[in-house]
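K.L.:
Got a structure here, written out as structure tokens. Questions coming.
The values are calculated or read from the model by the stated rules, or taken from the named source; none is laboratory data. Keep in mind it's a predicted model, so treat the numbers as computed, not measured. Please note: Cβ atoms are built from the backbone with ideal geometry, for glycine as well, and neighbour counts cover all protein chains shown.
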Amino acid sequence: MTSRPYLAVVQYDGARFAGWQRQPNARTVQAEFEAVLERLMGEPTTATGAGRTDTGVHALGQGVGFLAGERWVTDPAGLHRALNALLPRDVWVERVHPMRPGFHARNSALARRYRYVIGTDAAAYSPFRRPYEWALGRPIDAALLARAAEALPGEHDFRGLAATGAGSAKPHYRSRVALAQWAPRTDGAGVTFTIEADRFLHRMVRFLVGAMVDIALHRRPFEDLPRLLTATDNQAASPPAPPQGLYLLTVRYPADLYAEA
């Protein structure tokens, strides 16, 4: 049977998922996606995510890779429609790309970009906002946030700002950060943090946001941040920011891996 790799760019509301990665006794995005693929392909089909988002974390541009059989090789538009017709309402495929042999949704990624959303006004506690942002509900020092973000670009060992317990062991804990910046929300209701790096460790963005918010609320000195960026464990880290404010925005791949339909 002829098959080819595909990339689906996927959005999902993480509120009712126990994260991306398949688990035996919990609802996950991967399991939902693979159930639909099995119906479409007529056999069990693995879906590989570019990022293993945690429980409650959302995605606006998760990269999902899979192999599609000969029925779909010449019909990516039909595959796109079929996926959206069968997926649950809290998952949506924005687009589908045929990819060249050798493509892997996680290993082929050059960079991933995340955004974290914080509400600083009283209305952040609204039931229509609270599931999708950190309802901080108080003013925050924007100048200190900006100063903290300036310390992040470049390569660092993030053992001091990531989950590194059992099941999180890595060959190394270095990541190269290309972009890190805070900005006021366009609705005036708080701030957003955007970060792009070649790789992210488990809960790394949430640990970073937690530390920077503590600094900006004057709960800990700015000088703690450089120390956390050279720490060999996370014992001095601030608690990680809550998951519902985090979004996987986009995943970037080499242009030559995209194939014509």
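K.L.:
So the check is Cβ under 6 Å with 6+ separation or different chains; which pairs have a first residue in region 142-165 that's assigned by TED's automatic domain parsing to the domain that holds Ala241 and within 13 Å of Ala216 (Cβ to Cβ) and a second one that's buried (at least 16 other Cβ atoms within 10 Å of the Cβ) and among the β-branched types (Val, Ile, Thr)?
P.N.:
Listed by first residue and then by second, the contacts come to Leu144/Ile215; Ala148/Ile215.
K.L.:
Output the number of the condition that Arg206 fails; it satisfies all remaining conditions of (1) under 19 Å from the mean Cα position of the chain (by Cα); (2) of a type in the set (D, E, K, R); (3) assigned to a strand (DSSP E or B).
P.N.:
(3)
K.L.:
Quick check, is Ala18 surrounded by fewer than 19 Cβ atoms within 10 Å (Cβ to Cβ), under 15 Å from the mean Cα position of the chain (by Cα) and not assigned by TED's automatic domain parsing to the domain that holds Glu196?
P.N.:
yes
K.L.:
Checking the structure you have, find out if any residue of region 219-237 is among the small types (Gly, Ala, Ser), farther than 24 Å from Ala15 by Cα and part of a strand (DSSP E or B).
P.N.:
No: zero hits.
K.L.:
Here's a follow-up. May I ask you to list the residues in region 25-50 that are out of contact with any helix residue (DSSP H, G or I) (no Cβ under 7 Å at 6 or more places or on another chain), more than 26 Å from Thr250 (Cα to Cα) and not in a helix (DSSP H, G or I)?
P.N.:
Selection gives Asn25, Gly42, Glu43.
K.L.:
Sort through Pro88, Pro101, Pro127 and tell me the only one that's without any contact (Cβ under 8 Å) to a residue 12 or more places away in the chain and in a loop (DSSP other than H, G, I, E, B).
P.N.:
Checking each option against the conditions leaves just Pro127.
K.L.:
Looking only at residues that are among the basic types (Lys, Arg) and in contact (Cβ under 8 Å) with a residue 60 or more places away in the chain in region 104-113, which one is farthest from Arg39 (Cα to Cα)?
P.N.:
Among those residues, the one meeting the criterion is Arg113.
K.L.:
Return the total of residues in region 115-140 being aromatic (Phe, Trp, Tyr) and more than 19 Å from Ile215 (Cβ to Cβ).
P.N.:
Qualifying residue count for the region: 3.
K.L.:
Check region 27-34 and report whether any residue there is in contact with a Leu (Cβ under 8 Å, 6 or more places away or on another chain) and either buried (at least 17 other Cβ atoms within 10 Å of the Cβ) or under 27 Å from Ala178 (Cβ atoms) (or both).
P.N.:
yes
K.L.:
Could you please let me know if Arg185 is buried (at least 24 other Cβ atoms within 10 Å of the Cβ) and at pLDDT 95 or above?
P.N.:
So Arg185 does not fit the description; no.
K.L.:
Answer yes or no: is there a residue in region 194-202 that is in contact with a Ser or Thr (Cβ under 6 Å, 6 or more places away or on another chain) and assigned to a strand (DSSP E or B).
P.N.:
Within region 194-202, one or more residues are in contact with a Ser or Thr (Cβ under 6 Å, 6 or more places away or on another chain) and assigned to a strand (DSSP E or B).
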